[in-house]
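First up is the structure itself, then whatever we jot down about it.
The values are calculated or read from the model by the stated rules, or taken from the named source; none is laboratory data. Since this is a predicted model, take the numbers as computed values, not measurements. Every residue, glycine among them, receives a Cβ derived from its backbone with ideal geometry; neighbour counts consider all protein chains shown. Surface accessibility is based on the protein's heavy atoms, side chains included, excluding ligands, DNA and RNA. Shrake-Rupley method; radii C 1.70, N 1.55, O 1.52, S 1.80 Å.
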Amino acid sequence: MAVVPYKELNAGKKKQVADMFNNISKRYDFLNHFLSLGIDILWRKKAIRMLESAKPGLILDIATGTGDFAIEALALNPKKVIGVDISEGMLEMGHHKIKKMKLEDKIQLELGDSEKLLFEDNKFDAVIVSFGVRNFENLERGISDMYRVLKPGGKTVIVEFSKPKKFPFKQIYNFYFKSVLPIIGRLISKDRAAYTYLPESVQSFPDGNNFLNILTEVGFKKAECKPLTFGISSIYIAEK
């Protein structure tokens, strides 16, 4: 059974995730950096550096949200970064940010479904995702579509939460993630479910080797997992 934010509603995961991000979009960036103590910024920088040797000209940022990963990708000096997201609220915040930074010529944000990408096959040099794949309604379908729009030889870099395995960090992390984070998130975001859904979605996500197996089954080659900060998150890299 799919993990969803609003368990009392009959709507599918995709609709619920879009509604949730619409609800928290105005406070999302602040909460993201506050709850992770800013470490999420360093994780994104590290992930983008892993694409340096590929020198991608056209990059697709899936589940772009407010555009942070797309902006970070400009460090690679691409011709263009296209970001897609299912949340109009998150994209609105992203448009404001990009306009303020005068990056409209480099970054293009579009409303779109990550599992039904409206792009032709073999279009992008790189496909990137930051904390978005665990929100897919159908994980395999979403990864398959990423594979489809990537050029042969192109790379994907995915940053996603993981589950720490080692004592005592596993216990500290679980307490923070399940007890502290939902309370702070609820108070600031004013959404009763968003930051309860977060630890639940992480718990149900097939991280580590399980996710590498999905990448390989879809067709990706040279799939690797690089744990970050005691295993709180991981960077997954693979090639078409």
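Taking region 144-202, which residues are touching a Leu at 6+ places or on another chain (Cβ under 7 Å) and either more than 21 Å from LEU37 (Cα to Cα) or of a type in the set (Asp, Glu) (or both)?
ASP145, VAL149, LYS155, THR156, VAL157
Residue-by-condition table, conditions (1) among the aliphatic types (A, V, I, L, M); (2) open to solvent by less than 10 Å² (accessible area, probe 1.4 Å); (3) without any contact (Cβ under 8 Å) to a residue 24 or more places away in the chain; (4) at negative phi:
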site: VAL84; (1), (2), (3), (4): yes, yes, no, yes
site: MET93; (1), (2), (3), (4): yes, no, no, yes
site: LEU103; (1), (2), (3), (4): yes, no, no, yes
site: ASP113; (1), (2), (3), (4): no, no, no, yes
site: ASP125; (1), (2), (3), (4): no, no, no, yes
site: ILE128; (1), (2), (3), (4): yes, yes, no, yes
site: GLU137; (1), (2), (3), (4): no, no, no, yes
site: GLY142; (1), (2), (3), (4): no, yes, no, yes
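I'd like the residue in region 8-33 that is more than 16 Å from the chain's Cα centre (by Cα) and free of Cβ contacts under 8 Å to residues at least 40 places away in the same chain and, out of all such residues, is surrounded by the most Cβ atoms within 10 Å (Cβ to Cβ).
Per the stated criteria, the residue is GLN16.
Just the residues that are open to solvent by less than 20 Å² (accessible area, probe 1.4 Å) and either of a type in the set (Asp, Glu) or touching a helix residue (DSSP H, G or I) at 6+ places or on another chain (Cβ under 6 Å) (or both), please, taken from region 67-82.
GLY67, PHE69, ALA73, VAL81
Determine which single condition ARG192 fails, assuming it passes every other condition in (1) surrounded by 18 or more Cβ atoms within 10 Å (Cβ to Cβ); (2) touching a helix residue (DSSP H, G or I) at 6+ places or on another chain (Cβ under 7 Å).
(1)
Which count do you get for residues in region 190-240 that are assigned to a loop (DSSP other than H, G, I, E, B) and within 16 Å of the chain's Cα centre (by Cα)?
Selection size over region 190-240: 5.
If only one of LEU181, LEU187, LEU215, LEU198 is open to solvent by less than 10 Å² (accessible area, probe 1.4 Å) and under 24 Å from LEU9 (Cβ atoms), which one is it?
It is LEU181.
Read through the list (1) closer than 26 Å to GLU224 by Cβ; (2) modelled with pLDDT of 90 or more, then give the number of the only condition that PHE177 fails.
The failed condition is (2).
Of all residues in region 1-57, count the ones that are closer than 25 Å to LEU111 by Cβ, aromatic (Phe, Trp, Tyr) and part of a helix (DSSP H, G or I).
So the count comes out to 3.
Determine if region 115-122 includes at least one residue that is open to solvent by 40 Å² or more (accessible area, probe 1.4 Å) and within 14 Å of PHE220 (Cβ to Cβ).
No; the residues of region 115-122 include none that is open to solvent by 40 Å² or more (accessible area, probe 1.4 Å) and within 14 Å of PHE220 (Cβ to Cβ).
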